[in-house]
Amino acid sequence: MTKSAALLSQCVLANQTGDGCAWCGSPLPKRRRTWCSDRCADRFWHNHWWSLARRAAKRRDKYACRRCGHKPPKRTDPQYRKRRKTERLEVNHIEQARGAHRSLSCIHHLVNLETLCVACHKDETAGQRQR
Ligand SMILES: [Zn+2]
Ligand SMILES: [Zn+2]
Ligand SMILES: [Zn+2]
């Protein structure tokens, strides 16, 4: 069993019937073994692989902080380079990732991610430590 197959067997988002596409359950076209389409493969990766999930979360949140609505400076902003350091967006795991950033994991499901500005992320991380 490959790593992703082991993960899929426990993933709440995946198709658990054992038939058809591992993501949506549609019948598999000839020569496809796991996913019915690239779209389903993409959705799997965007919910399980951190660098892709992070990007997907920002897109979903329309590139703004979910708490305060802050938006990072545009590239065309003359202060862009300076402001970017303190005003960039980060993506927070609602349920903590605990070092799983580099592995394929259900902790990166899009529902577990929220886009935050640096300030809100700091508040959030401080809160998590206290808990
Ligand atoms: Zn599918
Ligand atoms: Zn914020
Ligand atoms: Zn999953």
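The values are calculated or read from the model by the stated rules, or taken from the named source; none is laboratory data. Quick caveat: nothing in here was measured; it's all calculated off a predicted structure. Counting neighbours? That spans all protein chains shown, and the Cβs are built from the backbone with ideal geometry, glycine included.
Output the residues belonging to the stretch 21-38 that are surrounded by 15 or more Cβ atoms within 10 Å (Cβ to Cβ) and at positive phi.
The answer is Gly25, and nothing else.
Within the stretch 77-122, can you find the residues that are in a helix (DSSP H, G or I), within 16 Å of ligand 2 (Cβ to nearest atom) and surrounded by fewer than 18 Cβ atoms within 10 Å (Cβ to Cβ)?
Result: Arg83, Arg84, Lys85, Thr86, Val118, Ala119, Lys122.
Return the residues of the stretch 24-70 that are within 16 Å of the chain's Cα centre (by Cα), over 19 Å from His93 (Cβ atoms) and of a type outside the set (Lys, Arg); say none if nothing qualifies.
Cys40, Ala41, Asp42
Identify the residue in the stretch 8-41 that is more than 14 Å from ligand 3 (Cβ to nearest atom) and assigned to a helix (DSSP H, G or I) and, among all such residues, is nearest to Ile107 (Cα to Cα).
Looking at residues that are more than 14 Å from ligand 3 (Cβ to nearest atom) and assigned to a helix (DSSP H, G or I), I get Arg39.
What's the number of the condition Tyr63 fails, among (1) part of a loop (DSSP other than H, G, I, E, B); (2) away from ligand 2 (no atom under 16 Å from the Cβ)?
(2)
Every residue, every condition in (1) surrounded by fewer than 19 Cβ atoms within 10 Å (Cβ to Cβ); (2) modelled with pLDDT of 95 or more; (3) not polar (S, T, N, Q), yes or no:
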| residue | (1), (2), (3) |
| --- | --- |
| Ser4 | yes, no, no |
| Asp42 | yes, yes, yes |
| Gly69 | yes, yes, yes |
| Pro72 | no, no, yes |
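Any residue at all in the stretch 50-61 that's within 13 Å of ligand 1 (Cβ to nearest atom) and free of Cβ contacts under 8 Å to residues at least 60 places away in the same chain?
The answer is no, given that none of the residues of the stretch 50-61 is within 13 Å of ligand 1 (Cβ to nearest atom) and free of Cβ contacts under 8 Å to residues at least 60 places away in the same chain.
Do we have any residue at all in the stretch 80-92 that's within 15 Å of ligand 3 (Cβ to nearest atom) and closer than 18 Å to Arg55 by Cβ?
Taking every residue of the stretch 80-92 in turn, none turns out to be within 15 Å of ligand 3 (Cβ to nearest atom) and closer than 18 Å to Arg55 by Cβ.
Could we say that Ser26 is in the same structural domain as Ala6 (by TED's automatic domain parsing) and either within 16 Å of ligand 2 (Cβ to nearest atom) or without any contact (Cβ under 8 Å) to a residue 24 or more places away in the chain (or both) here?
Numbers: in the same structural domain as Ala6 (by TED's automatic domain parsing): yes; either within 16 Å of ligand 2 (Cβ to nearest atom) or without any contact (Cβ under 8 Å) to a residue 24 or more places away in the chain (or both): yes.
So Ser26 fits the description; yes.
Of everything in the stretch 94-118, what is within 18 Å of Gly69 (Cα to Cα) and either of a type in the set (Ser, Thr, Tyr) or touching a His at 6+ places or on another chain (Cβ under 8 Å) (or both)? Give them in sequence order. Full working, then the answer.
Restricting attention to the stretch 94-118, the residues satisfying the condition of being within 18 Å of Gly69 (Cα to Cα) are 94, 113-118.
The answer is Leu113, Thr115, Cys117.
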